[in-house]
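To keep things clear, I will list the structure first and then write my remarks on it.
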Number of protein chains: 6
Amino acid sequence: MTTPTMNQLGIVRRSIERADRAAVERLQRLGSATVHEAMGRVGLLKPYMRPIWPDAQVAGTAVTVLLHPGDNWMMHVAAEQIQPGDIVVAAITAECTDGYFGDLLATSFMARGAKALVIDAGVRDVRILKEMGFPVWSRAISAKGTIKATLGSVNIPVICAGALVNPGDVIVADDDGVAVVPAADAVRVAAVAQQREDLEADKRAKLAGGVLGLDMYGMREPLAKAGLRYID
Amino acid sequence: MTTPTMNQLGIVRRSIERADRAAVERLQRLGSATVHEAMGRVGLLKPYMRPIWPDAQVAGTAVTVLLHPGDNWMMHVAAEQIQPGDIVVAAITAECTDGYFGDLLATSFMARGAKALVIDAGVRDVRILKEMGFPVWSRAISAKGTIKATLGSVNIPVICAGALVNPGDVIVADDDGVAVVPAADAVRVAAVAQQREDLEADKRAKLAGGVLGLDMYGMREPLAKAGLRYID
Amino acid sequence: MTTPTMNQLGIVRRSIERADRAAVERLQRLGSATVHEAMGRVGLLKPYMRPIWPDAQVAGTAVTVLLHPGDNWMMHVAAEQIQPGDIVVAAITAECTDGYFGDLLATSFMARGAKALVIDAGVRDVRILKEMGFPVWSRAISAKGTIKATLGSVNIPVICAGALVNPGDVIVADDDGVAVVPAADAVRVAAVAQQREDLEADKRAKLAGGVLGLDMYGMREPLAKAGLRYID
Amino acid sequence: MTTPTMNQLGIVRRSIERADRAAVERLQRLGSATVHEAMGRVGLLKPYMRPIWPDAQVAGTAVTVLLHPGDNWMMHVAAEQIQPGDIVVAAITAECTDGYFGDLLATSFMARGAKALVIDAGVRDVRILKEMGFPVWSRAISAKGTIKATLGSVNIPVICAGALVNPGDVIVADDDGVAVVPAADAVRVAAVAQQREDLEADKRAKLAGGVLGLDMYGMREPLAKAGLRYID
Amino acid sequence: MTTPTMNQLGIVRRSIERADRAAVERLQRLGSATVHEAMGRVGLLKPYMRPIWPDAQVAGTAVTVLLHPGDNWMMHVAAEQIQPGDIVVAAITAECTDGYFGDLLATSFMARGAKALVIDAGVRDVRILKEMGFPVWSRAISAKGTIKATLGSVNIPVICAGALVNPGDVIVADDDGVAVVPAADAVRVAAVAQQREDLEADKRAKLAGGVLGLDMYGMREPLAKAGLRYID
Amino acid sequence: MTTPTMNQLGIVRRSIERADRAAVERLQRLGSATVHEAMGRVGLLKPYMRPIWPDAQVAGTAVTVLLHPGDNWMMHVAAEQIQPGDIVVAAITAECTDGYFGDLLATSFMARGAKALVIDAGVRDVRILKEMGFPVWSRAISAKGTIKATLGSVNIPVICAGALVNPGDVIVADDDGVAVVPAADAVRVAAVAQQREDLEADKRAKLAGGVLGLDMYGMREPLAKAGLRYID
């Protein structure tokens, strides 16, 4: 699992180990913020990754694809590797905002069972994608098209928006951003995240009733120790 | 009222002078663009400050908080200083996009009577914040959490997104951005802004009827003097 | 048709040749992505140009205006040159995010028959513009106002967001971005774009039925020739 | 002279009209700031275009090249069109920071008589380019290489860093940035710029002697009229 | 000392209280990093402020000027207020990269005794400024000129690159950035900073001799307590 | 080798496998551009990573460190793991420009035998670092200091400026940027890169003699096939 080198370009891995399906479903309900906290505040893609339409919340297993700037040839290769419940994660070898993905590819991805696309570049046909209900997280929206000329790879480890994604990892995406959970950690992270979530309902009720976080979390003493001074 | 120095870190000012409540209400109806014009085209936070959901228009009195990158401890200290009608204005000592604020803090802020949050950093749980109807203007949305380790200050003068905000100042925020009116100027600015607004209805009717700004504003002569030439 | 020099500042061209009206209407239905493809993947403004409200799709003939930073005087001069079906394209001589345009100018532009504004700067009163149904593509939203002090020009060639726009050219704008079609090419581009569009319905049906792009486009052989290897 | 469309991709214009050689030499001595002022404060590429090594000041006639992201094939086509005294101006059809140009191409360009490269993308081998004394203005420095797969064009009008450059135009570049003077205006702009420059020596002597600009330019009265107030 | 409002535009304060001269000299030797640490890690302008030539290290008392985008009229007004040892701090009411300052103004500023310019915009003639030995910290370098049309103010509190600067405050600038010390704090900050500096020589010698910071600062125990684990 | 999760925070790996020393030396002579080409045009950190002083060219084996925003505690932990010939590669869990590293840490790193620092954040004391001859590649220069409060990790896989770096990998850095070669590939990449380099001397001589790349690379036929047209 290293930086792709010569012998990893032009490769398609057909058999990948996908994270536990039940854990994926639990992670989807919990959302990216809670999941990232449960992992120890790591595992997020950079915050420039934004949904192209609001209110979607999904989780799925990663099919990864490495593309070259302005070239979406490998998207079609990736389509064949999609299984129901997958999320395609597309990384580019250089910064690019071109529109790699539109309604035709979305039609194909949906036919294969894909739940979403996460791409460190641009997409287009965004109004139609919204009507189709296909969620995308991207760094840009751009009408600019791409060519089909250069080989990349499918299902190799990729770095997408600053995060390492291995094929089969869990992708959790919502309005707050995109988190990646290593496949081997999915069950445990889901459990920890659920515990976190369970505690929140009680806290929310207290805070809504006017209890201050200062008291609920017992912060007054450590704040005073750290030297906080109140003046009038 | 200077740049915070040693003796201003770790301080909470409990008694602040809030701007005139009636003036705040008038300023809320007028909006950020009109208010900024009435002040002589100053007093705006930088335009990277965007609402996390559209169509909110609020005004309130500033409770300020100075935070460190990746650390939201003082948000809980600020919560206690909120009075009904306040807007919390959060500045960070360095550029940061972390998600300092989510649905739990929003629950607490709303229980205290806060009308909004303006933060020169990121927030999260944005879908829930929208459902709660709690408006936020921020530079980013990010699932990334923060720690609680370092003292900042509450109700000291802060520089938020390029604007100086003193506690008690009026914050006017809508889809166009965020304006700050010094507390002492609130009544006068509200009056000037209202005059501006009153003149606009008549102008709007004329322009809708096909009268050109060139004629309505008497621009043809100064344009000709400045050397404007019409060619065919 | 060159970079504006001394003798092109302070000029208003009254008679411009507008692109064929029927072609403009066909281009509007096709959208920016298809139009840009039909031109050979050129003719797009940079992707930082975003609509201020979603779901608008327009095309019109360009009335161009060159403005100075923080100065919208020439917008009023431009208003007089608008004919029904035009889209105003505003370029600035330096990068600027100020709010050059609000509800009053929009009222005037609509009264003249303008279909939209494309501006490489900021606009304000965005909530009202949305209510008025006047679409704008801009680089920023900002409450910051402008002055009226310096001459620019109207209906000279301008460079807006990285694209050359001549007065009379066709502007095609939607959620994916903004494309410009030279007036002389409008009929031909509309025809090519329509052909492209006609082919897509069939492709979409096949992809929805589970046919892979790999097979539909005959990509398997060229991919193998390029060296793509499948591993398990 | 329009936005490149279908019939302008894959074209090399061999015969271009270069600006007056003597005017180019005069413009070189005057520098980008003075030249841009003499044109009426227009004609500059965006300020993100920076020299890769300091203190170079050149002017030359433009050989233009339009490239695709990550593809420098047309640089070799452009090399053949270079005549002594030319400056190659490279535009890209989308934003890209790849290193399109290194010491081998520089060797070839120098052998053809090129004076410099202006490129709205990245370059590499910058230490060697500095040793070779070949000046480059670029938006980035990047070790990232490019491929040779897609046709662009040579000696068509291009938009480079926000400015329209026609083949044969004068490029004036120094530490302050890059200016473009239309070939037809070169003689006149050189004359106006020289007049400007001639006046500066006298002004500089006065200012060095302690005379204030307020007095030298007669600003006190207009400032007072505009309402400037002095307080103690 | 508030955000500039109506009654603060078009104002020149002639009598300002400058920080203690001896303290300024001590702060100059200490540099921006040490000074900022001595203030409790506050007081820095944003890191996009960069020197236009390397190796300068200066401190001086602030003469402030508030300018409008693309307009440097008030620079000439500011020149008259300069006293030997001052540093001019220029803020702009909106983001702008234009070249507000060149060799003529530098000649005038130097004749008045100015030590440097700090400007949240662009400058030009940078090669000549380097030859003149006049240091500038700016956000940009740009050949683009400005006009002289709109009033700003001199010696009012300004926000420059995210920091509040009052006239008379100490500005400390070097290759690491720009710090501002409130005039009233200058003597105390200089003393604290000097203590910090005095301790560094000893630490440097130890570290050069191979002692680890882990041992010198006694970090091993707190790291272990925090849970650091060493594995092989 | 995955995204760091809970069980990888607060960890220091003491025994890492460093790349072949002889290969590192060969890679150093070849530079980042040639090495990246030899790897198949992958393996580069993003081009915003720039040297703080020019003309350095180094290669070494990576000691990695993962830091939190505004906190450089683990830099001291990393110092102990440095062996002669190492380059420290520092990644941050969120975007940050603070000055994590100055002359004291550089003194310690040099005493341990470190050849350079590569950090996806800011550094300070840059004038002294230049005098010391310690090269740094960073995303920013900032006087802003950091605290020592939160655990990170040393010698785990990190993502630095968009590239995955495993401890022991080869880092090659020069004025063009920073490349990373997986330890296991170092010998092979050095051989391929050397072959590339060997071919360049001959090419350079030909190009200097006026031979065109069009002829030397046999491009005329493929260009004609692709449809390139020459016009007069």
Positions within the range A:117-133 being in contact with a helix residue (DSSP H, G or I) (Cβ under 8 Å, 6 or more places away or on another chain), open to solvent by 10 Å² or more (accessible area, probe 1.4 Å) and part of a helix (DSSP H, G or I), in sequence order: A:ILE128, A:MET132
All conditions in (1) within 14 Å of chain E (Cβ to nearest Cβ); (2) touching a residue at least 12 places away in the same chain (Cβ under 8 Å); (3) buried (at least 17 other Cβ atoms within 10 Å of the Cβ) are true of D:LEU207 except (2)
Give me a count of the residues in the range C:134-146 that are under 20 Å from C:ALA78 (Cα atoms), within 7 Å of chain B (Cβ to nearest Cβ) and open to solvent by 10 Å² or more (accessible area, probe 1.4 Å). 0
With (1) within 14 Å of chain F (Cβ to nearest Cβ); (2) more than 15 Å from the chain's Cα centre (by Cα); (3) surrounded by 24 or more Cβ atoms within 10 Å (Cβ to Cβ) as the list, and D:ALA38 as the residue in question, which single condition is left unmet? (1)
For C:THR93: the one exception among (1) at pLDDT below 95; (2) hydroxyl-bearing (Ser, Thr, Tyr); (3) touching a Cys at 6+ places or on another chain (Cβ under 9 Å): (3)
At pLDDT 95 or above, more than 18 Å from the chain's Cα centre (by Cα) and surrounded by fewer than 24 Cβ atoms within 10 Å (Cβ to Cβ): which single residue out of C:ARG26, C:ARG14 fits that description? C:ARG14
Unmet criterion (only one of (1) touching a strand residue (DSSP E or B) at 6+ places or on another chain (Cβ under 6 Å); (2) in a helix (DSSP H, G or I)) for D:LYS144: (2)
Search result, residues across the range A:51-69 that are under 15 Å from A:VAL88 (Cβ atoms), touching a Lys or Arg at 6+ places or on another chain (Cβ under 6 Å) and open to solvent by 10 Å² or more (accessible area, probe 1.4 Å): A:VAL58
Show me the strands (runs of 3 or more DSSP E) entirely contained within the range E:159-232 in which 2 or more residues are under 28 Å from the mean Cα position of the chain (by Cα). E:163-165, E:170-174, E:177-181
Residues B:ALA193, B:ALA149, B:ALA161, B:ALA179: which one is closer than 18 Å to B:MET75 by Cα and within 14 Å of chain C (Cβ to nearest Cβ)? B:ALA161
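Rundown of residues vs (1) touching a strand residue (DSSP E or B) at 6+ places or on another chain (Cβ under 6 Å); (2) not aliphatic (A, V, I, L, M), yes/no style:
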position	(1), (2)
F:ALA22	no, no
F:GLU25	no, yes
F:PRO51	yes, yes
F:ASP71	yes, yes
Quick one: in the range F:147-158, which of the residues that are assigned to a loop (DSSP other than H, G, I, E, B) and small (Gly, Ala, Ser) is nearest to D:VAL126 (Cα to Cα)? F:GLY152
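Criterion first (at pLDDT 95 or above and open to solvent by less than 20 Å² (accessible area, probe 1.4 Å)) does B:LEU44 satisfy it?
Criteria not met by B:LEU44.
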Out of the range A:147-184, which residues are open to solvent by 20 Å² or more (accessible area, probe 1.4 Å) and farther than 14 Å from A:TYR48 by Cβ? A:ILE147, A:LYS148, A:ALA149, A:THR150, A:LEU151, A:ILE159, A:ALA183, A:ALA184
What about C:GLY218, is it without any contact (Cβ under 8 Å) to a residue 40 or more places away in the chain and surrounded by 13 or more Cβ atoms within 10 Å (Cβ to Cβ)? no
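The values are calculated or read from the model by the stated rules, or taken from the named source; none is laboratory data. Just so it is clear, the structure is predicted and the values come from calculations on it, not from any experiment. Positions of Cβ are generated from backbone atoms using ideal geometry, with glycine treated the same way; all protein chains shown enter the neighbour counts. To get the accessible areas, we keep the full protein, side chains included, count just its heavy atoms, and leave off ligands, DNA and RNA. Shrake-Rupley method; radii C 1.70, N 1.55, O 1.52, S 1.80 Å.
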